[in-house]
Amino acid sequence: VIDCSASSDCGEPSKFLFMQKAIMALGYVGLVNLNRVTGTAMGEAPGSVVSAIRDLRGKRRTHDLAQWVCSLEPRGYFSFKEAAERIMLTRRGKGLMLVFSDFLYKEGYEEGLRRLVGHGYDVFVIQVMSPEELEPKITGDLRLRDVEDGDSAEVTISAPLLKRYKATLGAYCQQLNAFCVRRDMTMMTIRSDTPVDVLVLDYLRKRGVVK
């Protein structure tokens, strides 16, 4: 499951590009091992699901998966709760569900994740953050604008403000992790400049996602 909101395309390297690469790599692993692979894109559309590709199996379907991944475009915003409801209604069987997003939803992530957990799937929450979000380098008087809904605010970026920002972001990520742990979901925060092979072979293999 991939977040296709406008904010997912922020950062350098792009969070969205990182998620595309990760999904392609993990999908390929699933296909060559003859697992059933399904992809779902959450985004600005009725029901908050832009598109989906279902029931791929076998290495010969790699091109189909690649076409779908490359066709995705980040734009607008969506309701994570609505997207989760749609995903819950269409999924089948048992297996792993990996959800790639920054999870910075104004509506919150709680209701959406509650709808995804259980029902025969082990849910892995992959929070992707850019280096600029984790360690911002900006200073001075700025007008910040939300790329999704256009909300803006004038702020003066100072050292104390950056310190509070990092503390608030750290607490937010810890709360997300605690929320997932209480519901038997695995959660990790990953930087968008992390090599995809490190994500797959180190982080996810150690957690049993890749064997």
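Using a cut-off of 14 Å between beta-carbons, work out the net charge of the residues near Ala66 (Lys and Arg +1, Asp and Glu -1, Ala66 not included). If you can, show how the numbers build up before the last one.
Numbers: positive: Lys21, Lys59, Arg60, Arg61; negative: Asp64.
With Lys, Arg at +1 and Asp, Glu at -1, the neighbours total +3.
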request  = Could you provide, to the nearest whole Å², the per residue accessible area of segment 65-121 with probe 1.4 Å?
outcome  = 51
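Can you give the FRET efficiency to the nearest 0.05 for Tyr165 and His119, using r as the Cβ-Cβ distance and R₀ = 35 Å? Write out the running numbers ahead of the final one.
Numbers: r = 37 Å, r/R0 = 1.04.
Given R0 = 35 Å and the Cβ-Cβ separation, E is 0.45.
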remark   = For the chain, longest principal axis from Cα atoms; helix 62-71 axis from its Cα atoms; angle between them, nearest 10 degrees, is 30
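Given Cα pairs under 8 Å that are at least 6 residues apart, what percent is the relative contact order of segment 114-211? Could you put the intermediate results ahead of the total?
Working: 80 pairs, mean separation 34.5, N = 98.
Value for segment 114-211: 35 percent.
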Farthest toward positive dipole pole in segment 98-180 [+1 Lys/Arg, -1 Asp/Glu at C-beta], among Ser130, Gln174, Tyr105 = Gln174
remark   = The simple spin-label model distance between Arg57 and Tyr172, using points 7 Å out along Cα→Cβ, in nm, is 4.1
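Looking at segment 16-73, which trypsin sites (Lys or Arg not before Pro) are DSSP coil and have at most 13 other C-beta atoms within 10 Å of their C-beta? Please report the intermediate quantities before stating the final value.
Details: sites: Lys21, Arg36, Arg54, Arg57, Lys59, Arg60, Arg61; in loops: Arg36, Arg57.
In loop regions of segment 16-73 (DSSP not H, G, I, E or B), the sparsely surrounded trypsin sites (Lys or Arg not before Pro) are Arg57.
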note = Under a 1.4 Å probe, counting only protein heavy atoms, Cys10 has an accessible area in Å², nearest 10, of 50
remark   = The simple spin-label model distance between Thr156 and Leu201, using points 7 Å out along Cα→Cβ, in nm, is 5.0
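Run the helix sum for the chain: -39,500 (n - 2.57) per DSSP H stretch of 4+ residues, divided by residue count, reported at 222 nm to the nearest 500 deg cm²/dmol.
Computed mean residue ellipticity for the chain: -11000 deg cm²/dmol.
If you take every DSSP beta bridge whose two residues both sit in the chain, what share of them, in percent to the nearest 5, is antiparallel? Spell out each step's value before the answer.
Working: 12 of 28 bridges.
Around 45 percent of the beta bridges assigned by DSSP in the chain are antiparallel ones.
Going by a ≥ b ≥ c, the root eigenvalues of the Cα gyration tensor, does segment 84-142 fall in the rounded group (a/c under 1.5), the prolate group (a/b larger than b/c) or the oblate group? Could you put the intermediate results ahead of the total?
On the way: a/c = 4.36, a/b = 2.51, b/c = 1.74.
It is prolate, given that a/c is not under 1.5 and a/b is the larger ratio.
With r as the distance between the Cβ atoms of Arg145 and Ala45 and R0 = 25 Å, compute the FRET efficiency 1/(1 + (r/R0)^6) and round to 0.05. Spell out each step's value before the answer.
Numbers: r = 23 Å, r/R0 = 0.92.
Calculated transfer efficiency: 0.60.
Keeping every protein chain present and rolling a 1.4 Å probe, give me the accessible area per residue for segment 147-211 in Å².
Values: 4120 Å² over 65 residues.
On a per-residue basis, 63 Å².
With respect to the cross-link table entries Lys94/Lys206; Lys106/Lys163; Lys15/Lys59; Lys106/Lys166; Lys94/Lys211; Lys166/Lys211, which display a Cα-Cα separation exceeding 24 Å? Let's see the in-between values first.
On the way: Lys94/Lys206 21 Å; Lys106/Lys163 22 Å; Lys15/Lys59 27 Å; Lys106/Lys166 18 Å; Lys94/Lys211 17 Å; Lys166/Lys211 35 Å.
Exceeds cut-off: Lys15/Lys59; Lys166/Lys211.
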message = Are there any trypsin sites (Lys or Arg not before Pro) in segment 92-129 that are in a DSSP loop and have at most 16 other Cβ atoms within 10 Å? List them by number.
response = Arg92, Lys94, Lys106
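May I ask you to give the percent of accessible area on segment 74-160 that is carbon plus sulfur, with a probe radius of 1.4 Å? Display every interim value, and only then the final one.
Values: 2430 of 4730 Å².
Looking at segment 74-160 in its full context, I get 51 percent from C and S.
Mean separation of Cα pairs under 8 Å and 6+ residues apart, divided by the residue count of the chain: what relative contact order is that in percent? Intermediate results must be reported in sequence, preceding the final value.
Working: 333 pairs, mean separation 48.0, N = 211.
Value for the chain: 23 percent.
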ask   = What does the charge add up to near Arg114, with Lys and Arg as +1, Asp and Glu as -1, over the other residues with Cβ less than 14 Å from its Cβ?
value = -2
ask   = Between Gly120, Met88, Val198, whose Cα lies farthest towards the positive end of the dipole of the chain when Lys and Arg beta carbons carry +1 and Asp and Glu beta carbons carry -1, centred on the Cα centre?
value = Gly120
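Val209: net charge of surrounding residues, Cβ under 12 Å, Lys/Arg +1, Asp/Glu -1, itself excluded?
On the way: positive: Arg205, Lys206, Arg207, Lys211; negative: Asp122, Asp202.
Its environment carries a net charge of +2.
The values are calculated or read from the model by the stated rules, or taken from the named source; none is laboratory data. Note that the structure is a prediction, hence the values are computed from the model and not measured. Neighbour counts run over all protein chains shown; Cβ positions are idealised from the backbone, glycine included. Surface accessibility is based on the protein's heavy atoms, side chains included, excluding ligands, DNA and RNA. Shrake-Rupley method; radii C 1.70, N 1.55, O 1.52, S 1.80 Å.
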